[in-house]
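Just so you know, all these numbers are worked out from the coordinates, no wet-lab data involved. Everything numeric here is computed off the predicted structure, so don't read it as measured data. Positions of Cβ are generated from backbone atoms using ideal geometry, with glycine treated the same way; all protein chains shown enter the neighbour counts.
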Amino acid sequence: MDIENLELESKIKQLEKSVRILQKKLERSKADRINLEKASELKESLLKSVIREFEESQVVLEKRTVELETALKNLKSLQVKLIESEKMSALGVLVAGVAHEINNPVNFIYGNLEHVSNYFQEILNLLNLYRHYYPTPVIAIQKQIKKIELDYIIKDSQNIFDSMNMGVERIQQIVKSLRTFSRLDEAEFKVVDIHPGIDSTLLILNNRLKPSARFHQGVKVILEYGDLPKLECYPGQLNQVFMNILVNAIDALEDAGHLLMPMIRISTEVLITKSAGCATKTGWVVVRIADNGVGISETVQSQLFNPFFTTKDVGKGTGLGLSISYQIITELHKGKLECYSTPGNGAEFVITIPIRQDVK
Ligand SMILES: Nc1ncnc2c1ncn2[C@@H]1O[C@H](COP(=O)(O)OP(=O)(O)O)[C@@H](O)[C@H]1O
Ligand SMILES: [Mg+2]
């Protein structure tokens, strides 16, 4: 019995021991679980903060990209302005200088031509007098008259004087145009009639408009000038815009190949608004420059005014003409520059500018 008791007791003790061990294990696993939970919480919060930081840096990155894109755009437009203002002021100075230098000798020729013509007329009168009183000169003089074809010389001389006069007047006109075109008055607004500006630009481009191998009849230029008041503007810059648009129009006519009648139409008018059947003049002027050249596709139209956009060959196009014109019209003159075109049917550029800069 005692032995049985003893065995029982030892079993109980063993059992108690294993219970204690189990309890300890349980406690340890509890602690482990808590630790594990804590660790996973830590990991989760760490992960969350990493994700948050990532998201934040993504936002920063996007902002940076936008900033960089804007900076690049600004840089490009600044570069365009720089190139163009350098080029324009250099060209302006050159043109004004050449015009000035040519002006003096031309005036000299023009003034003297009249004297020479008068002198010649006097000598002719004298000759006629001689012929009247000495109708039959000596043989040697008769021979000389025949040799030099005196009657022809007299008749042709008048033609020569006339064409010399025309030539000199044309040079004077060109010199005046060059001066009008290159007006070096960039610093301030002037109140001017813009029609002479358009005329002088056309005269400078005459070489590309007159009859040639490309344009057998020349380019027909139709001018429809309205009754415009003087505009407050930068005339030199405005002429530059006319020049850029007209050069593009001529290029487009050339690209169209042998057109039956290559044409450029320039019209000007004061913008009219109509309300309730009543037409009123606004404070705006519209200049339309249209050609019947190749026209402009929609894809090209959407990029027309972008700096450096060109469809022309390297060396022919810079892609700056229209972007500069756009800046001159919209920024400098607070106006609008628009383009309308149906491919294959020519293009029209419409400039709308205020007559006075304070009118809105
Ligand atoms: N009147 C026009 N007809 C057809 N295309 C034109 C006309 N004017 C401009 N364009 C198009 O717009 C582009 C940009 O013109 P522009 O800025 O003056 O640069 P560039 O003449 O040096 O190419 C031209 O390359 C041409 O494709
Ligand atoms: Mg151009």
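Can you give the charge dipole size of segment 249-314 about its Cα centre, rounded to the nearest 20 debye, using +1 on the beta carbon of Lys and Arg and -1 on the beta carbon of Asp and Glu? Don't skip to the answer; put the middle values down first.
On the way: 5 positive and 7 negative charges, 97 e Å.
It comes to approximately 460 debye.
Dipole size in debye (nearest 20) for the chain around its Cα centre, Lys and Arg Cβ +1, Asp and Glu Cβ -1?
180
What FRET efficiency, computed as 1/(1 + (r/R0)^6) with R0 = 51 Å and r the Cβ-Cβ distance, is obtained for Glu269 and His115, rounded to the nearest 0.05? Can you show the working numbers first?
On the way: r = 46 Å, r/R0 = 0.91.
In this case the efficiency is close to 0.65.
Per DSSP H run of at least 4 residues, take -39500 (n - 2.57); add these up for the chain, divide by its residues and hand me the 222 nm value, nearest 500 deg cm²/dmol. Please list the in-between numbers first.
Numbers: 8 runs with 220 residues, N = 360.
Computed mean residue ellipticity for the chain: -22000 deg cm²/dmol.
Using the charge dipole of the chain (Lys, Arg: +1 at Cβ; Asp, Glu: -1 at Cβ; taken about the Cα centre), state which of Ile329, Ile194, Ser157 has its Cα farthest towards the positive end.
After comparing all options, I get Ser157.
On a full-extension model of 0.36 nm per residue, what is the gain between Gln303 and Val19, subtracting their alpha-carbon distance, rounded to one decimal in nm? If you can, show how the numbers build up before the last one.
Numbers: separation 284, 0.36 × 284 = 102.24 nm, distance 8.58 nm.
So the extension gain works out to 93.7 nm.
Can you give the FRET efficiency for Leu68 and Thr282, using 1/(1 + (r/R0)^6), R0 = 30 Å, r = Cβ-Cβ distance, to the nearest 0.05?
Values: r = 42 Å, r/R0 = 1.38.
Plugging the Cβ-Cβ distance into 1/(1 + (r/R0)^6) gives 0.10.
Got a sec? Charge dipole of segment 186-360, +1 on Cβ for Lys and Arg, -1 for Asp and Glu; which of Met261, Gly295, Gly277 is way out at the positive end?
Gly277
In nm, to one decimal, how far is the modelled label at Asn107 from the one at Ser57, with both set 7 Å along Cα→Cβ?
Going from the Asn107 label point to the Ser57 one covers 7.4 nm.
For Leu129 and Asp193 in the same chain, what is the full-extension length gain: residue separation times 0.36 nm, less their Cα-Cα distance, in nm?
Values: separation 64, 0.36 × 64 = 23.04 nm, distance 5.33 nm.
Computed gain between Leu129 and Asp193 is 17.7 nm.
Separation between the Gln357 and Lys143 pseudo-spin-labels, each 7 Å from Cα along Cα→Cβ, expressed in nm?
7.8
Which one, Gln23, Leu82, Ile351, is farthest towards the positive end of the dipole of the chain when Lys and Arg carry +1 and Asp and Glu -1 on their Cβ?
Leu82
What is the distance, in nm, between label points placed 7 Å from the Cα along the Cα-to-Cβ direction at Leu150 and at Ser49?
Placing both labels 7 Å along Cα→Cβ, they lie 11.9 nm apart.
With no solvent and one point per C-alpha, what does the Debye sum give as log10 I(q)/I(0) for segment 95-171 at q = 0.15, 0.22, 0.23, 0.25 Å⁻¹?
-0.67, -1.02, -1.07, -1.17
For the chain, what does the relative contact order come out to in percent, with C-alpha contacts under 8 Å and a separation of six or more?
Numbers: 395 pairs, mean separation 44.9, N = 360.
Computed value for the chain: 12 percent relative contact order.
For a bin width of 10 Å, list the pair-distance distribution of the chain built from all Cα-Cα distances, rounded to whole %.
Here the calculated profile for the chain is 4, 15, 18, 15, 10, 8, 7, 5, 4, 3, 3, 3, 2, 1, 1, 1, 0, 0, 0, 0.
So what's the Cα pair-distance distribution over segment 186-360, bin width 10 Å, in %?
Bins of 10 Å from zero give 9, 37, 35, 16, 2, 0 percent of pairs.
With angles folded into 0 to 90 degrees, how steeply does helix 2-133 sit against the dominant principal axis of the chain? Use alpha carbons for both and round to 10.
0
For segment 267-360, what class follows from the C-alpha gyration tensor (a ≥ b ≥ c being the square roots of its eigenvalues): rounded when a/c is under 1.5, otherwise prolate if a/b is larger than b/c, else oblate?
Judged from the Cα gyration tensor, segment 267-360 comes out oblate (a/c at least 1.5, b/c at or above a/b).
For segment 186-360, what is the number of Lys pairs with C-alpha distance below 18 angstrom, counting only pairs 8 or more positions apart or on separate chains?
So the count works out to 11.
Would you kindly calculate the translational diffusion coefficient of segment 1-139, applying Stokes-Einstein with the Kirkwood radius from alpha carbon pairs, for 20 °C and a viscosity of 1.002 mPa s, and quote it in µm² s⁻¹ without decimals? Write out the running numbers ahead of the final one.
Values: Rh = 28.4 Å.
Rounded, D is 75 µm²/s.
Estimate the FRET efficiency between Glu224 and Ser77 by the formula 1/(1 + (r/R0)^6), using the beta-carbon distance for r and 30 Å for R0, to the nearest 0.05.
Working: r = 34 Å, r/R0 = 1.14.
Rounded to the nearest 0.05, the efficiency is 0.30.
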